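Step one of this worksheet: look at the structure below.
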Amino acid sequence: MKKILLMFPGQGSQYIGMGKDLYEKFPVAKNIIDQVGEEIKNIIFNGPEESLKNTKYAQPAIFAVSVATFEVLKNSIDLSKYEIMTAGHSLGEYSALCAAGFFNFQDGLSMVKARGEYIQQASQENPGGMAAILGMEKDVVINICKEASKIGICEPVNFNSPGQIVISGSNNAVQKAVDLAQVQGATKAIMLNVSGPFHSTLMKKAAEMMSEELNKYTFSNPQYSIITNCDAEVTRDATLIKEKLVKQIYNSVQWDTSISNAINCGVELFIEIGPQRILAGLMRRIDRTKKPLNIEDSISLEKVIGEISK
């Protein structure tokens, strides 16, 4: 039985018009995206870009388009013939969990909206920033963050692929780390245009609020296993998932290890579900022998169906 990993993107993958082709051609996609409400739907399809970038809108928008894309795939091919695993990058973990059957779309949408609000609130109370460091070994970046932590919080938070690490924390400390990385030979070290220190310990207040929020929901036994962000482990345990969704907010995203673990589990096919090809791009840096696919419209859907069926 062929093993497939479905990968779901996080914030930053959004663009105006995402999901529109599927919305117009597949009733199941229309049904999902309609549930976000007219305001967010209008922003997804028509912008303006500034609104779509706002966490309050971006997160439910990406979640809805990603789940709608998955539902189209599920309706187009019999997935029960394959061994499916899911994984999502940061916000994308909610799309991955919904696809795996841990919770339904409406509950997931409520969780994602709450998560966005809590993260925004925590970012206002504990302002900070993030930076991308390219072309450096993991250990070197960790040591740079330790050095920068002498003047404020600075932590590696997204281990995206070998040579691509995102750091987060208080602005002065993150800027210090960028300066150190440039001096020590990083290919690139730049501050990112984000509204807060996501995934750092400055997000603990958001995690506490999310912990309370998640108690409102019932998690089901899933159809598929998921590889979780905070530890790159494979699980189907709904109780553990609740805990990990809280940890995820103020812990690093172990994306490179998640993909390596999927390869070690025997995954043969990697498919990004949702807007853009960001995770497919990271995949090439993690293991060049894998040729990831993506689905974001009817043309890419047909290509994936052809590949799966081989």
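Summary of values
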{"item": "Fraction of beta bridges assigned by DSSP in the chain that are antiparallel (%, nearest 5)", "result": "55"}
{"item": "Lysines with Cα under 18 Å of Lys138, excluding same-chain neighbours fewer than 8 positions away", "result": "Lys146, Lys176, Lys188"}
{"item": "Stokes-Einstein translational diffusion, the range 128-195 - Kirkwood Rh over all Cα pairs, 1.002 mPa s, 20 °C, in µm²/s", "result": "193"}
{"item": "Top of Asp78, Asp179, Asp237 by mean-square fluctuation, Gaussian network on the chain, Cα under 10 Å", "result": "Asp78"}
{"item": "Most mobile listed residue (Val253, Val28, Val112) in the chain, GNM with C-alpha springs under 10 Å", "result": "Val28"}
{"item": "Förster radius 22 Å - calculated FRET efficiency between Gln121 and Lys247, Cβ distance, rounded to 0.05", "result": "0.75"}
{"item": "Most mobile listed residue (Val183, Val65, Val267) in the chain, GNM with C-alpha springs under 10 Å", "result": "Val183"}
{"item": "Positive-end residue of Ala148, Val28, Met210, charge dipole of the chain with Cβ unit charges", "result": "Ala148"}
{"item": "Computed over the range 240-310, the ratio Rg/Rh where both radii use C-alpha atoms and Rh is Kirkwood", "result": "1.03"}
{"item": "Dipole magnitude (debye, nearest 20) for the range 128-195, charges at Cβ of Lys, Arg, Asp, Glu", "result": "60"}
{"item": "Length-normalised contact order of the range 128-195 in % [C-alpha pairs under 8 Å, at least 6 apart]", "result": "45"}
{"item": "Matching label, semi-axes √(5λ) of the Cα gyration tensor in Å computed from the structure shown, candidates [x] 34, 21, 17; [y] 30, 22, 19; [z] 34, 23, 21", "result": "[y]"}
{"item": "Where chymotrypsin sites (Phe, Trp or Tyr not before Pro) fall in DSSP loop in the range 29-100, at most 16 other Cβ within 10 Å", "result": "Tyr82"}
{"item": "Size of electric dipole in the chain: Cβ of Lys, Arg +1 and of Asp, Glu -1, about Cα centre, debye, nearest 20", "result": "460"}
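Every read-out reported here was derived from the displayed coordinates using simple, explicitly stated rules and does not represent laboratory data. Only a predicted model underlies this, so the values are computations on that prediction, with no experimental measurement involved. Cβ atoms come from the backbone with ideal geometry, glycine included; neighbour counts cover every protein chain shown.
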